[in-house]
Amino acid sequence: MLPILGFLKNPLFQLVAQKTVGAISHKIEKDKIVKAKELEAAAKVSVAQVNQQSKSIKDELLTIFIIAILACCFIPQTQPYMEVGFQMLKEKAPTEFWWAVLIVFSGSFGLSTLNNIRKK
């Protein structure tokens, strides 16, 4: 045997090599278990979201509400009220109100749009 490879017979080297191989195989097994748990949790969450959204009518209600607001802008009897309402929102609505509106609309339409894109 080559003299350079003599350290392979050293008991200390063999112990370190055994521990290293054991640690690597343990890490691989642990990663497999974690990955399986993540996939299982993701499957449960997506099924729960789909079930919740299939029973929810909030998207339809928001759409009807927006259409009603837009329709009132073109009806002559309601135009003065719409102008006053929009002026009040523009001048007096705090920034937090607009953030809340953005959150509601993006949560409602954003998630359903993303789910529709994922299905295609």
Among residues belonging to the range 69-99 that are small (Gly, Ala, Ser) and at pLDDT 90 or above, point out the one that is farthest from Gly110 (Cα to Cα). Gly85
Here are the criteria: (1) surrounded by 10 or more Cβ atoms within 10 Å (Cβ to Cβ); (2) at pLDDT below 85. Tell me which single one Pro3 does not satisfy. (1)
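The values are calculated or read from the model by the stated rules, or taken from the named source; none is laboratory data. Because the structure is a prediction, the values reported are computed rather than measured. Because the Cβ atoms are built from the backbone with ideal geometry, glycine has one as well, and the counts that use them run over all protein chains shown.
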